[in-house]
1. Does F171 count as of a type outside the set (D, E, K, R), modelled with pLDDT under 95 and surrounded by 13 or more Cβ atoms within 10 Å (Cβ to Cβ)?
2. Among K647, K602, K639, which is the only one that is in contact with a strand residue (DSSP E or B) (Cβ under 9 Å, 6 or more places away or on another chain), touching a residue at least 60 places away in the same chain (Cβ under 8 Å), of a type outside the set (D, E) and within 22 Å of K549 (Cβ to Cβ)?
3. Within segment 190-204, restricting attention to residues that are assigned to a strand (DSSP E or B) and more than 24 Å from N258 (Cα to Cα), which residue is farthest from the chain's Cα centre (by Cα)?
4. Has segment 510-530 got at least one residue that is surrounded by fewer than 20 Cβ atoms within 10 Å (Cβ to Cβ), touching a Pro at 6+ places or on another chain (Cβ under 7 Å) and closer than 30 Å to I598 by Cβ?
5. Hey, among the residues in segment 594-624 that are in a loop (DSSP other than H, G, I, E, B) and aliphatic (A, V, I, L, M), which one's surrounded by the fewest Cβ atoms within 10 Å (Cβ to Cβ)?
6. Quick check: is even one residue across segment 180-202 more than 30 Å from P384 (Cβ to Cβ), of a type in the set (D, E, K, R), surrounded by 15 or more Cβ atoms within 10 Å (Cβ to Cβ) and assigned by TED's automatic domain parsing to the domain that holds G248?
Amino acid sequence: MIKKITLLTVLLFQFAINAQNYKFGKVSKEEVEEKFYPLDSTADASYLYKYRKSYFSFTPNTGFQLVTEIHQRIKIYTKEGFNYATKSIVYYNPDSGSSESVYGIKGYTFYSDNGKVVKEKLSKKTIFKEKINKYNSKYKITMPKIKEGCVLELKYKITSPYATSIPDIQFQKGIPIKKLDAQVEFPEFYTFNKMTKGFHSLPMKTSFSSGKVGDTDFRINVFTFEDKNIPALKNDEAYVANINNYRGGMKFELAQTNFIEVGGEFKNYSTTWKNVSKQIFKSSSFGVELNKSSYYKKDLEKILANNQTDTDKINAIFQFVKGKVKWNGFYGKYTENGVRKAYKENAGNVADINLILTSMLRSAGLNADPVLISSRGNGVPLYPTLKGFDYVISIVRFSNNSYVLLDATEEYSMPNILPVRALNWDGRVVTKDGNSSWVNLTSSIHALEENMVMVKLTEDLMVEGLIRTKYDNLNALNFRKRKNHIKNEELITKYEENNNVEVEDFKINNQQKLNKPISRSIKFSSEDLIEEINGKLYIEPLLFLTQRKNPFKLEERKFPVDFATAWKDVNRVSIQIPEGYKVEKIPEPLAIGLPDNIGVFKFKVSAAGKKINTTCILQFNESLINPQHYPFLKDFYSKLVKKESEKIILTKI
């Protein structure tokens, strides 16, 4: 019976979609009264309709421009879906140069009032224009009369003078999509490579129409995408670098332009990674800037006077550039204002800083080259594309085939310890002649956290003790980045809240000594770490270091687990039991591993006299775990959580 009802629901749902009116401003009573998304009752919201059309328009003054029309209809089911009532439209709006334009913003909120559908118009007073940075602005829109069950409708247009850059079509989002319509049109003068991404693909329908500019007739290529009931791909699973890498979509990358028939020229664009890299290298904002060197000559002479070995040269130049030119927060494969200006004004974007670093390393006689990468926020480029690179670091290679990777934009980075934003699979090394090759960005150096805990249990069931923690490699970088600018008082408060302890003394060492690990010692006490039941004491062997939840929830995971780096946690806990008690039971030891030496978990508790010692090691030797290993990883963590939660039992003598 349940199966019949479910099938009937789906059939009625499908019929409703087919009969739906998607004209702007015409929302049905059924849409407003819908209580949940029929195919996913956990959804907080859904796109009832998602429309996008991109096409080229021509004006004599500006030539071809790209116009993108957006129409979205969103259903809010729960309060957790209210965030979809705030929309930001980001557009390119540089301080100098041609800008994109956003216009025609219209919206409504539909809701039920005593069985009637009420329509509330979006007010211009709730549309705000904000400057994000020197390149981008945004319109921030807040929809009116938001409540559970309401339907939001919004439409607008974006006009861009950059006709060669078609925005990606997103087939999939973090909420379900009932009906999707998307269309891309461009004149025959342009050829775009079309590349699918993610796990949800759509069939592409190809057709043609005609256009005319003056006396010139031309063909327009039309590509249409349609689908119904697209499932959500949520960003609620642990260790995902960029969920948009795995959501379905279509990319358009310019391959060539051909204006010969109208008196113009033919131009080929990038089709291979080699061509992409060479095109970037030939840019006046990359290769030309890299070859400039006179501006730092005197400073370099001073550095080299006291540093003779390759290692000393690398470290000295690296630290000098980090201190000399501060990162302004902008990514980029091209320099922003040029290396000379960045050096003089002590600030620049990613390319400014790391091209300066590479040039200085070369001038010091080292085999240094820039490395083009895609930051984690930019995603993993699966096809050759200029958009695939948005970041530059530096590499120094040695005759024994070893190498050092460097990123001088991060004040706490060290050689071969890159910030997480730059750890995204592979990078493209570009040599002096413009040739290029791939290099792996993932480090075999484990990010390390070691905890040494020594406590005693008092007769009044308090836990008193000391924890010493060491953070090294990427963990040290992340610790410094997150906490070096926070006062100790705030760190103490957060530590007490997170671990149910009262801190009596708190010290951190080596915060600015980047060649040493972070060392932290905390003297603490707690009355919440022991449980007394019928005269027996129950205590977790790892105290507040216990892993209590499995971070992996999905039955099946289609995308990899991305730790960013190999890592290792070591916890050693020594507990002194109180007088009048003895050990009744301790957890059994456990040692388990993952296939292909991906990871290992070792747990052992031992008792001797009045001391109970626990050693726990969790180590992953790979930064990226493929989906086929996910079932093993989930089971691995289930066993880990279960074992760490087992209690030590003490009984009175």
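1. no
2. Exactly one residue qualifies, and that residue is K647.
3. Looking at the filtered set, the residue picked out is T196.
4. No, there is no match, as no residue in segment 510-530 is surrounded by fewer than 20 Cβ atoms within 10 Å (Cβ to Cβ), touching a Pro at 6+ places or on another chain (Cβ under 7 Å) and closer than 30 Å to I598 by Cβ.
5. Selected residue: L594.
6. No, every residue in segment 180-202 fails to be more than 30 Å from P384 (Cβ to Cβ), of a type in the set (D, E, K, R), surrounded by 15 or more Cβ atoms within 10 Å (Cβ to Cβ) and assigned by TED's automatic domain parsing to the domain that holds G248.
Per-residue answers, yes or no, for (1) touching a residue at least 40 places away in the same chain (Cβ under 8 Å); (2) aliphatic (A, V, I, L, M):
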position: T196; (1), (2): yes, no
position: F208; (1), (2): no, no
position: D217; (1), (2): no, no
position: P231; (1), (2): yes, no
position: A241; (1), (2): yes, yes
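Rundown of residues vs (1) surrounded by 13 or more Cβ atoms within 10 Å (Cβ to Cβ); (2) in the same structural domain as N435 (by TED's automatic domain parsing), yes/no style:
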residue	(1), (2)
Y246	yes, no
S277	yes, yes
F281	yes, yes
S284	no, yes
V288	yes, yes
N291	no, yes
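The values are calculated or read from the model by the stated rules, or taken from the named source; none is laboratory data. Since we're looking at a predicted model, the values are computed, not measured. Note that each Cβ is placed from the backbone with ideal geometry, even for glycine, and that neighbours are counted across all protein chains shown.
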